[in-house]
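Structure first, then comments.
The values are calculated or read from the model by the stated rules, or taken from the named source; none is laboratory data. Please read all numbers here as calculations on a predicted model, not as lab measurements. Virtual Cβ from ideal backbone geometry, glycine too; neighbours counted across all protein chains shown.
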Amino acid sequence: MDTCWSCEKPLKVIKGKPYHYTESGLKNIILHGINQYECTACGEKAAEIPRVEDLHFVISKILVCKKTLLSGCEIRFLRKEMGLKSNVMAKILSVDPSTLSRWENAKGPVDESSDKLLRVIYMCWASEQRKEVLFQDLLKLEPVIHHGHPSKRIPQPAKIELTAAEWTVPTPGPAFVPANC
Ligand SMILES: [Zn+2]
């Protein structure tokens, strides 16, 4: 990438600046160690993200192991990762499409059993895709979702910070270890 895709003027390379990865559909993903480009003429900006598929897998792992209920955009992210349309996802979760839509659009919190089912479905799907068993201590998934009154729930993590090495260098061992996440 050396000229602007919009005006064909030279691009400036920006290194070492954190990148807010809003294209993921998630609000709190910050990427480090990737190159960004800015057009010196029209101001267009873009980032060069290597191995997006692996990055999305790492993000999904974090979501599946998190201790708080999935947010609307996180539910949508996991659904899209599996390439499912919302009506198909609703059917799998045995909920009405309007219920799923309400969750995804943050009009109401997901119920705990659907949240858990979605995580387990994602884990099985990812294992199928990668042709290996990716989880360990699956039964420890039980306590990860905080029970109790919504006001007492653990707040959503403000930011998920990822460095390029975290998704470009493969890590050995099971991917999903609920108790340690
Ligand atoms: Zn330009």
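The table below gives the values:
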item	result
E38 being on the phi > 0 side of the Ramachandran plot and either within 16 Å of the ligand (Cβ to nearest atom) or loosely packed, with under 14 Cβ neighbours inside 10 Å (or both)	no
Qualifying residue in the range 59-67 (condition: over 14 Å from the mean Cα position of the chain (by Cα) and away from the ligand (no atom under 16 Å from the Cβ))	yes
Top-ranked residue of the range 1-35 - restricted to ones that are away from the ligand (no atom under 16 Å from the Cβ) and aliphatic (A, V, I, L, M), ranked as nearest to E166 (Cα to Cα)	L31
Given (1) of a type in the set (D, E); (2) away from the ligand (no atom under 16 Å from the Cβ); (3) in contact (Cβ under 8 Å) with a residue 24 or more places away in the chain, index of the condition E53 fails	(3)
Flag for K131 being modelled with pLDDT under 70, out of contact with any strand residue (DSSP E or B) (no Cβ under 8 Å at 6 or more places or on another chain), loosely packed, with under 10 Cβ neighbours inside 10 Å and in the same structural domain as G108 (by TED's automatic domain parsing)	no
